[in-house]
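Enquirer: Okay, here's the structure, questions in a sec.
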Amino acid sequence: MIDSHIHILPGLDDGAKDRTTAIQMLMIASARGTTAMIATPHVIEGDWLPDWQDIVSRCQLLQTAARQAGLTLELYPGAEVALQLDILERIPGPGDYCINGGQYLLTELPGLEIPSYTEEFFFKLQTRGITPILAHPERHPVLARQPEILAGWIRKGILAQMNGPSITGRWGERIRETAELFLTNGLIHLIGSDAHSTRARNPDMQAIWYRMIELVGAESTKQLFVINALQVLQSRAVEVEEIGDLVFPQSTNRWQRLLKKFTGS
């Protein structure tokens, strides 16, 4: 497994508090089947704004510490960039803050809204040769109510990364249902733990792997956990299935209401 979203670099954000914690997180991940991870500290104007070279340097230092601890897990630099227009001044093209210094950028919506400039933000990145990857859309309340918004973005070339614990109910029933809807409709392309510590938000994704096999099969699970992540790390094109009309599960009243809304039935 490749963990495409984790806050493991100590001292940069609200993730691992120190190197000891980071190594413990790496040990948990390695023991449960993760072979590589993309370190994605927050990059937010006015809050956490680490220099890209600092991210790269800290990633290399943690990789060395991991080797000294006997771990073979590979670490790659990246960032989770807040969706703010001002921050685009720091990202003129592929490279800084992009995953492994390449052409893919992990970005995060504000917690409760979709800013009016969201499509402009995505478009500017794309015109600069960068492919945006939207972090954990299943957690966003607007996208949960209006999943067609995410489908529309994906049709325009945006990718999406799901947090693995969402599919096992770690964040509640609404988020679990939304994660299943997105997964089964081909709206997810990468999986990450979004781990911040060794406790509740830890990087153990073994149960997530098996749950995804139940939902979408072994081949698709490998595609999401491994193949797509390798393509992103190497700045190669990710195979994206064509998005048609969304198919809603009939098991809950909430999805029945959404189905009526989007089909008019």
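Enquirer: If you check Tyr104, Tyr117, which single one turns out to be surrounded by fewer than 20 Cβ atoms within 10 Å (Cβ to Cβ) and in contact with a helix residue (DSSP H, G or I) (Cβ under 6 Å, 6 or more places away or on another chain)?
Expert: Working: Tyr104 fails: surrounded by fewer than 20 Cβ atoms within 10 Å (Cβ to Cβ).
Exactly one of Tyr104, Tyr117 is surrounded by fewer than 20 Cβ atoms within 10 Å (Cβ to Cβ) and in contact with a helix residue (DSSP H, G or I) (Cβ under 6 Å, 6 or more places away or on another chain), namely Tyr117.
Enquirer: Considering only residues of region 57-70 that are hydrophobic (A, V, I, L, M, F, W, C) and open to solvent by 20 Å² or more (accessible area, probe 1.4 Å), which is farthest from the chain's Cα centre (by Cα)?
Expert: Let us first name the residues in region 57-70 that are hydrophobic (A, V, I, L, M, F, W, C), namely 59, 61-62, 65-66, 69.
Next, from what is left, pick out any that are open to solvent by 20 Å² or more (accessible area, probe 1.4 Å): 61, 69.
Numbers: Leu61: 23, Ala69: 27 Å.
Out of the qualifying residues, it is Ala69.
Enquirer: Here's another thing I want to ask about it. Could you grab me the full set of residues in region 145-166 that are crowded, with 18+ Cβ neighbours inside 10 Å and either at pLDDT below 95 or not in a helix (DSSP H, G or I) (or both)?
Expert: Quick first cut of region 145-166, residues crowded, with 18+ Cβ neighbours inside 10 Å only: 147, 150-151, 153-154, 158-166.
If the condition is that a residue be crowded, with 18+ Cβ neighbours inside 10 Å and either at pLDDT below 95 or not in a helix (DSSP H, G or I) (or both), then Ile158, Leu159, Ala160, Gln161, Met162, Asn163 are the ones that fit.
Enquirer: Can you tell me how many residues within region 231-255 are loosely packed, with under 14 Cβ neighbours inside 10 Å and either modelled with pLDDT of 90 or more or of a type in the set (S, T, N, Q) (or both)? Before you say what the answer is, go through the steps one by one.
Expert: From region 231-255, those loosely packed, with under 14 Cβ neighbours inside 10 Å are 234, 236-237, 239, 241-242, 244-245, 247, 250-253; that's our starting set.
Of the ones still in play, those that are also either modelled with pLDDT of 90 or more or of a type in the set (S, T, N, Q) (or both) are 234, 236-237, 239, 242, 244-245, 247, 250-253.
Number satisfying all stated conditions: 12.
Enquirer: Can you list residue pairs whose Cβ atoms sit under 6 Å apart, with the first residue in region 1-18 being over 23 Å from Gln231 (Cβ atoms) and acidic (Asp, Glu) and the second being open to solvent by 10 Å² or more (accessible area, probe 1.4 Å) and in a loop (DSSP other than H, G, I, E, B)? Count only pairs 6 or more apart in sequence or on different chains.
Expert: Asp13/Trp48; Asp18/Pro10
Enquirer: Has region 221-228 got any residue that is surrounded by 14 or more Cβ atoms within 10 Å (Cβ to Cβ), at pLDDT 95 or above and touching a Ser or Thr at 6+ places or on another chain (Cβ under 6 Å)?
Expert: no
Enquirer: So, in region 29-55, exactly how many residues are surrounded by fewer than 17 Cβ atoms within 10 Å (Cβ to Cβ), assigned to a helix (DSSP H, G or I) and not acidic (Asp, Glu)?
Expert: Number satisfying all stated conditions: 2.
Enquirer: Follow-up question, since we're still on this one. Output the residue which, of all residues in region 60-102 that are assigned to a loop (DSSP other than H, G, I, E, B) and among the β-branched types (Val, Ile, Thr), is farthest from Leu49 (Cα to Cα).
Expert: Residues of region 60-102 that are assigned to a loop (DSSP other than H, G, I, E, B), as a first pass: 69-73, 78-79, 83-84, 91-98, 102.
With among the β-branched types (Val, Ile, Thr) added as a condition, the list becomes 72, 91.
Details: Thr72: 29, Ile91: 13 Å.
Out of the qualifying residues, it is Thr72.
Enquirer: Hey, can you tell me all the residues within region 120-144 that are open to solvent by less than 10 Å² (accessible area, probe 1.4 Å) and either among the aromatic types (Phe, Trp, Tyr) or in contact (Cβ under 8 Å) with a residue 60 or more places away in the chain (or both)?
Expert: Answer for region 120-144, where residues must be open to solvent by less than 10 Å² (accessible area, probe 1.4 Å) and either among the aromatic types (Phe, Trp, Tyr) or in contact (Cβ under 8 Å) with a residue 60 or more places away in the chain (or both): Phe121, Phe122, Ile133, Ala135.
The values are calculated or read from the model by the stated rules, or taken from the named source; none is laboratory data. From a predicted model like this one, the values you see are computed outputs, not experimental measurements. Using ideal geometry, Cβ is built from the backbone for each residue, glycine included, and neighbour counts are taken over all protein chains shown. With ligands, DNA and RNA removed, areas are computed over all heavy atoms of the protein, side chains included. Shrake-Rupley method; radii C 1.70, N 1.55, O 1.52, S 1.80 Å.
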